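Each reported figure results from applying straightforward, stated rules to the coordinates on display, with no laboratory input. Because the structure is a prediction, the values reported are computed rather than measured. Every residue, glycine among them, receives a Cβ derived from its backbone with ideal geometry; neighbour counts consider all protein chains shown.
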Amino acid sequence: MDGAVPTESMPAERMTRITAIVPYRENPAGKSRLAPLLTHDARRRLAQAMLADVLAVLEGARGIESILLVGDAPGGSSGGSKLSVLVSDAALNSALELAAARAFEAGAEAVCIVHADAPLLGAAELDEFLSAAAGSDAVHIAPCERDEGTTLLCVPRAAGIAFAYGADSFQRHRAAYAARGVAVEVHGRVPDVDLPADLTALREALQRFVSVRGWSSQVDVLARGATRALLDAYRQYGEDYDAGRIVY
């Protein structure tokens with residue numbers, strides 16, 4: 001075959017080694033700002049279910065080599081073949097610094113912080129984010145719906161660790177890396193569930209889907225974990241859910 005190039009001479013596409021780091025708490029203080037709507041046990045179950053949703057998306061993401069969950073050991077059966085757990089009672093930024101250092105020591109070329117309270121994070125959305133971040137010298141960031149928090153943050157090894165989670169973390173992360181001379185690429189918003197209004201928005205997003213699809217197996221495909229639990233809560237508690245009184 002004149003002009004043909006042997007298959008073995010073609011270099012395989014090289015994947016950037018990205019470790020997803022997922023901070024997680026399900027202790028009594030977890031999701032305390034949802035206390036007006038949810039009892040502690042309901043908040044714990046919601047946290048577990050949202051974590052299961054996020055881990056499922058990360059497990060299926062081609063751009064994620066490994067997943068490191070840091071904080072509380074998860075209850076239930078969350079996790080898959082990519083997952084390892086680093087139990088730590090350190091404050092959020094300190095725990096993330098510890099996890100990032102461990103990931104880089106293990107050979108990661110970038111770490112992607114993914115919060116466990118983003119049950120609407122889609123596989124296509126995550127793949128697009130990771131594709132942009134892979135091999136990039138820039139820090140890539142996706143804020144929450146209010147442009148205050150940081151739902152996704154991908155940091156290459158060379159950029160160093162400058163985590164600034166807490167109030168206004170989106171702007172603080174941008175400022176911290178800009179001060180280091182590191183470019184920051186901002187992506188579209190990824191909603192999280194942190195405040196009562198976020199829970200309401202999640203319910204409304206699911207109801208828009210249900211109003212089109214109806215109660216069907218297609219809902220179950222979308223509604224893994226947290227979303228399915230919320231749909232079940234709405235179906236079971238009806239008016240109480242509408243009135244903002246979800247009590248388990």
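When Asp168, Asp41, Asp117 are arranged by Cβ crowding within 10 Å, least crowded first, meaning fewest neighbours, the order is Asp41, Asp168, Asp117.
Using equal-weight Cα scatterers in the Debye expression, the normalised intensity of the stretch 139-200 in log10 at q = 0.27, 0.28, 0.29 Å⁻¹ is -1.14, -1.21, -1.27. Gyration tensor over the Cα atoms of the stretch 18-186: the corresponding equivalent ellipsoid has semi-axes (square roots of 5 times the eigenvalues, largest first) of 24, 18, 15 Å. The distance between label points at Val186 and Val87 comes to 4.1 nm (points 7 Å beyond Cα on the Cα→Cβ vector). With contacts taken as Cα pairs under 8 Å at a separation of at least 6 residues, the stretch 18-186 carries a relative contact order of 23 percent.
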